[in-house]
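Q: Here you go, one structure.
The values are calculated or read from the model by the stated rules, or taken from the named source; none is laboratory data. Bear in mind that the values here come from a model prediction, so they are computed numbers and not experimental data. Note: ideal-geometry Cβ built from the backbone for every residue, glycine included; neighbour counts use all protein chains shown. Ligands, DNA and RNA are stripped out before the accessible areas are found, and what is left, the full protein with its side chains, is counted by its heavy atoms. Shrake-Rupley method; radii C 1.70, N 1.55, O 1.52, S 1.80 Å.
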Amino acid sequence: MAENEEVMVENAVAEDASVKNGEAPKSKRPSASAKRPDRKDRTPKKEASEFEKKVVSVRRVTKVVKGGRTLRFSALVVVGDGKGRVGLGIGKSKEVSSAIEKATTIAKKNMKNIPIVNNSIPHETIGKFSATSILMLPAPEGTGVIAGGSARAVIELAGIKNIVTKRHGSSNKINCVKATMEGLLNLKTKEEIARRRGKSVEEI
């Protein structure tokens, strides 16, 4: 017991000496900040993606099976970089968030290049898919995007700023998006046509 008391006295004398010399006394326990990092630092940082995405539609699909009904969700997502690259994808899952993630992954794999001339399309085109057809016309600067909701998502993410469209037939969102993609993929620039024909741009 006497030895323990002597050790405690020596520690107290050492702490008093360090305080007099201007040194901070050493704490026996580490501080709470040293134990665990700040909560803000623990949150994972999301990397900035070069693509933008738009969820065109989320549908609830019910399938009747022997044991009852199974409920699933189908999501249609359009992804683009606003510089002439755009893609679409359809994902299905039991949860909405999972369906959107699957659709986004599929859309990024199916990216297509769209020719753009003066923030518009090079020429008139008609896109057809199933019972939907969409007419697309080039427009001068300042016109803006004149299109419906589903077609607008594809056109804006492709980077087209001035265009006039008119839909005919079915208004199904999946058909409209796919018809818009078909019409944009049919576009050809003057240089591409001249190269295929083996002529110069002036000769066409």
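Q: Within the stretch 139-156, can you find the residues that are β-branched (Val, Ile, Thr), free of Cβ contacts under 8 Å to residues at least 24 places away in the same chain and under 17 Å from residue 52 (Cβ atoms)?
A: Scanning the stretch 139-156 gives a single hit, 145.
Q: Related question: Can you list residue pairs whose Cβ atoms sit under 7 Å apart, with the first residue in the stretch 109-138 being within 19 Å of residue 173 (Cβ to Cβ) and open to solvent by 60 Å² or more (accessible area, probe 1.4 Å) and the second being assigned to a loop (DSSP other than H, G, I, E, B) and of a type in the set (Gly, Ala, Ser)? Count only pairs 6 or more apart in sequence or on different chains.
A: Filtered contacts from the stretch 109-138: 130/170; 131/170.
Q: Sort out which residues of the stretch 71-88 are within 21 Å of residue 187 (Cα to Cα) and surrounded by fewer than 23 Cβ atoms within 10 Å (Cβ to Cβ), and write them in order of number.
A: 81, 82, 83, 84, 85
Q: From the list 150, 133, 170, exactly one residue is hydroxyl-bearing (Ser, Thr, Tyr), touching a Lys or Arg at 6+ places or on another chain (Cβ under 9 Å) and farther than 20 Å from residue 83 by Cα. Which is it?
A: Details: 150 fails: farther than 20 Å from residue 83 by Cα; 170 fails: touching a Lys or Arg at 6+ places or on another chain (Cβ under 9 Å).
One residue alone meets the criteria, 133.
Q: So which residues in the stretch 157-204 are among the charged types (D, E, K, R) and either in contact (Cβ under 8 Å) with a residue 60 or more places away in the chain or closer than 21 Å to residue 59 by Cα (or both)?
A: 173, 178, 188, 190, 192, listed by residue number.
Q: Is one or more of the residues making up the stretch 90-106 in a strand (DSSP E or B), surrounded by 18 or more Cβ atoms within 10 Å (Cβ to Cβ) and in contact with a Leu (Cβ under 6 Å, 6 or more places away or on another chain)?
A: Looking through the stretch 90-106, at least one residue is in a strand (DSSP E or B), surrounded by 18 or more Cβ atoms within 10 Å (Cβ to Cβ) and in contact with a Leu (Cβ under 6 Å, 6 or more places away or on another chain).
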